[in-house]
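Report on the following structure.
The values are calculated or read from the model by the stated rules, or taken from the named source; none is laboratory data. If you're wondering where the values come from, they're calculated on a predicted model, not measured in any experiment. As a convention, Cβ positions derive from the backbone with ideal geometry for all residues, glycine included, and neighbour counts pool all protein chains shown. Just the protein is used for accessible areas: all its heavy atoms, side chains included, with ligands, DNA and RNA removed. Shrake-Rupley method; radii C 1.70, N 1.55, O 1.52, S 1.80 Å.
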Amino acid sequence: MNQLIKELQWRGMIQDIMPGTEEQLNKEMTSAYVGFDPTADSLHIGSLVPILLLVHLQKAGHKPIALVGGATGMVGDPSGKSEERNMLSEEDLNKNVIGVRNQLMQFLNFDASIPNAAELVNNYDWFKGISFLEFIRDAGKHITVNYMMAKDSVKKRLEGDNGMSFTEFTYQLVQGYDFYWLFKNKNCKLQMGGSDQWGNIVTGTELIRRKIGGEAFAFTCPLIKKADGGKFGKTEKGNIWLDANKTTPYQFYQFWLNASDADAAAWIKIFTFLPQDEINALITAHESNPADRILQKKLAEELTIFVHGQSEFDKAVETTQKLFSNTKAPIDALSVEDLESIEGIVRTDYAADKINAGIDILSFLTENTVFESKGAARKMLQNGGVSINREKITDLQMMVEKKHLLHDKFILVQVGKKNYYLVSI
RNA sequence: GGGCAGUUACCAGAGUGGCCAAAUGGGGCGGACUGUAAAUCCGCUGUCUUUCGACUUCGGUGGUUCGAAUCCACCACUGCCCA
């Protein structure tokens, strides 16, 4: 048992904490859980912080329980949502539960030979056997509506103009019951989660107290925001997923590399396991020469390795170097091998005879799915956003022909600074 | 069941007969500057198209009109209040 709470505190990972939590953790090996909603078949980086809470917990010698919300996913958490959620079909839900489960497996140690082996549970397993009547008598009787209405997630919706269905209203009770069930059956005394979960979590500890007089604990981590107030974890391409098939390791690496200075300093504490003095040294080094982006690089390195492994990280760095290290250099600096081995960017194959015959730039771009239509391609060209082989193209009539081929084989298309497409014949 | 308000593009939200593909803000994308930042400034942001223009859009369906996001009827949905 080490100083888990102190560790998390300096990292800025604790928002609210229930009194007595630290004492409980120092007293004995404690089981603690975090719930994950199966809203998609992969987790995204928004779930990374709760995952890291579990990892820290296990490192500190406690027992992590990851709960996949097969049942709660059917209800829909109103927290932080201004309107009623769409219901997922049971089929999608099952698929998502499996996907999320598999991802959680890779971050925690499930080796049954250690006393604090991680455990994975699905709340559908206990909810499927509970009837509605049972539930409202068993759980509902102990919590007043007044209590539930006072919750922020509920209050906001009552004050807003979208209303709230009974289904979503009951969500906190369903989640609260999870905690009760785990407390009773798995001796789980602590729940963690994002700060938006505080209300739901507290309903759980309350239920445990009123129903069986048990004492349960909780703490939450702050929700990650960008310094400029923007949403965290979203880019033009949508969510940053943990699944390499949805977000390539290169894109994942790039996301962290592009963090702003202010964000990087906060995020490196939260998202890496680097010790405090090392982080402070990195921050100092970064401040003396911000252009080197020492923090961003380290942050991106640690996280890409954590999620995708060393070899994927190496490839991501390699791709990054090829594409960005020498953007002023003539394009020939990239060898055939360089181009062939670029990973993580969009590649398309194109008919050689079309290039040999020469093709207009607009058709070339749309046929290689760089743009969806000629209109879109034209607009981007007019805005000066398209480069071929690192040369900005402004001539809408330009013909793409043999002389544009690099090593007789490739054409490197760039949209903006960061979006690369490699066309090969 | 009764009364009232509402439904407009990714979101918020203006528009109450032609000047409406639809103000403004946010978001997104691109450009300049830079460090593949931040801040700032500029451009684009319904679809397709050789910038002409064509087509589809303002909850749905019908109607009035030369002409409808705008007027009328019915329907659906949402919110609030009363029962």
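What is the extension gain from A:F232 to A:I17, computed as 0.36 nm multiplied by their sequence separation minus the C-alpha to C-alpha distance, in nm to one decimal? Working shown, then result.
Numbers: separation 215, 0.36 × 215 = 77.40 nm, distance 2.34 nm.
The span from A:F232 to A:I17 would gain 75.1 nm if fully extended.
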Once the dipole of chain A is set up from charges on Cβ (+1 Lys and Arg, -1 Asp and Glu), the residue from the list A:Q197, A:Y253, A:L158 lying farthest towards its positive end is A:L158
Expressed in square angstrom to the nearest 10, the accessible area of A:I212 with a 1.4 Å probe stands at 80 Å²
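Calculate the dipole size of region A:241-291 relative to its Cα centre from +1 charges on Lys and Arg beta carbons and -1 charges on Asp and Glu beta carbons; express the result in debye to the nearest 20.
For this selection, approximately 180 debye.
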Quick note, region A:234-324: a/c under 1.5 would make it rounded; otherwise a/b > b/c is prolate and the rest oblate (a ≥ b ≥ c, C-alpha gyration tensor); here it is prolate
Taking chain A and counting helices only, DSSP H stretches of n ≥ 4 at -39,500 (n - 2.57) each over all residues, the nearest-500 ellipticity at 222 nm comes to -13000 deg cm²/dmol
With x for Gly and Pro, the residue-by-residue ³J(HN,Hα) of region A:348-354, computed from phi through the Karplus equation 6.51 cos²θ - 1.76 cosθ + 1.60 at θ = phi - 60° and given in whole Hz, is 9, 9, 9, 6, 5, 5, 5
If unit charges are put on Cβ atoms (+1 for Lys and Arg, -1 for Asp and Glu) and the dipole of chain A is taken about its Cα centre, the option from A:A218, A:L67, A:Y124 lying farthest towards the positive end turns out to be A:A218
GluC sites (Glu not before Pro) in region A:1-82 lying in a DSSP loop, each with at most 15 other Cβ atoms within 10 Å of its Cβ, come to A:E28
Once both label points are put 7 Å beyond Cα along the C-beta direction, the A:A112-A:W10 separation in nm becomes 3.8 nm
If every Lys and Arg gets +1 and every Asp and Glu gets -1 at its Cβ, then about the Cα centre chain A yields a dipole, in debye to the nearest 20, of 660 debye
Restricted to region A:4-221, the DSSP antiparallel beta bridge percent, nearest 5, is 10 percent
With the dipole of chain A defined by +1 on each Lys or Arg Cβ and -1 on each Asp or Glu Cβ, the option from A:V346, A:S42, A:L207 whose Cα lies farthest towards the positive pole is A:L207
For region A:118-156, listing trypsin sites (Lys or Arg not before Pro) in a DSSP loop whose Cβ sees at most 10 other Cβ atoms within 10 Å gives A:K128
With a 1.4 angstrom probe the carbon and sulfur portion of accessible area for chain A, in percent, totals 49 percent
Restricted to chain A, the DSSP antiparallel beta bridge percent, nearest 5, is 45 percent
Taking a probe of 1.4 Å and leaving out DNA, RNA and ligands, chain A shows per residue an accessible area in Å² of 48 Å²
Among the Cα-Cα pairs of chain A, the proportion with separation greater than 39 Å, in percent, is 33 percent
With every protein chain in place, the accessible area of A:V145 for a 1.4 Å probe, in Å² rounded to the nearest 10, comes to 80 Å²
By accessible area (1.4 Å), largest first, A:S363, A:S373 order as A:S373, A:S363
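So which trypsin sites (Lys or Arg not before Pro) in region A:352-388 are both in a DSSP loop and have at most 11 other Cβ atoms within 10 Å of their Cβ?
none
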Expressed in nanometres to one decimal, the distance between label points 7 Å along Cα→Cβ at A:F273 and A:K128 is 3.4 nm
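Which FRET efficiency value, to the nearest 0.05, do you get for A:N419 and A:S165 by plugging their Cβ-Cβ distance into 1/(1 + (r/R0)^6) with R0 = 51 Å? Don't skip to the end; give the middle numbers.
Details: r = 41 Å, r/R0 = 0.80.
So, using R0 = 51 Å, E works out to roughly 0.80.
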Taking a crude spin-label model, label points 7 Å out from Cα along the C-beta direction, the A:K379 to A:Q321 distance in nm is 3.9 nm
Nearest-0.05 FRET efficiency for A:V336 and A:D138 at R0 = 60 Å, using Cβ-Cβ distance, is 0.30
With a Förster distance of 56 angstrom and the Cβ-Cβ distance between A:R390 and A:M29, calculated FRET efficiency to the nearest 0.05 equals 0.45
Computed about the Cα centre, the charge dipole of region A:4-221 from +1 Lys/Arg and -1 Asp/Glu charges at the Cβ has a magnitude in debye, to the nearest 20, of 540 debye
